[in-house]
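Here the structure is laid out as structure tokens; the discussion comes afterwards.
What follows is calculated from the coordinates using simple rules that are stated; it is not laboratory data. Since this is a predicted model, take the numbers as computed values, not measurements. Using ideal geometry, Cβ is built from the backbone for each residue, glycine included, and neighbour counts are taken over all protein chains shown.
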Amino acid sequence: MILINNIKLIAFLAIIVVFLSGCNGKFPGADARKFPADPKKRVEQNIREGRGFTINDQFNKSFGQSKGGVFDFANSNGLWRASLDVIDFMPLSSVNYSGGIIITDWYSENNNQNESIKISIRFMTNEIRSDALNIKVFSRKCSDSFLNCKITETEGILVTELKREILKKATMYKKTDEGKMGKKDYKYPKKINKKN
């Protein structure tokens, strides 16, 4: 009997801990000035701020498991699509739309392993303009083998050409997308004038 009561008490305390860990040490509603009185506005604010509660998330937090990846898709961002199209011949090392960065792996032409380049593209804004991209090109020159390599950042014409080509493609994508938005696949029905 005592064992069953102890198990019930431990289970109850575990559930309390799980629910309180979802509050991050703060009790909800502690400062009424920060939350709108209208429930619909409160829900919109919570969604906008990414708040929410699911039992699965609480169990994962409690047992040290983290979520899988966060998958964001950038179909509507012309600058992002253009960047991927321009460097599509290079193997990608890291691509993070949320973080706004694309990093390629080391690439060399004609099987020349002694010289290779790596490109990093950071997105400063989603607008198509010349300062929207921060492109860095690194060159690696090795002598003998990969043990004796020198890596330098190049500031030459390649950076300018990459930026120009990406902006040109992004502008084309934007014009194409705007053209599709203006077209309608349906026709409005003719108005019927009824005479009474």
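List of remarks:
- The stretch between Phe89 and Ser143 holds 16.9 nm of extra length on full extension. This uses 0.36 nm per residue minus the Cα-Cα distance.
- Take 91-101, 160-170 and order them by the average number of nearby Cβ atoms within 10 Å per residue, most first; the result is 160-170, 91-101.
- Pairs over the 31 Å Cα-Cα cut-off, from the set Lys136/Lys175; Lys136/Lys169; Lys118/Lys169; Lys40/Lys180; Lys118/Lys168; Lys136/Lys174: Lys40/Lys180.
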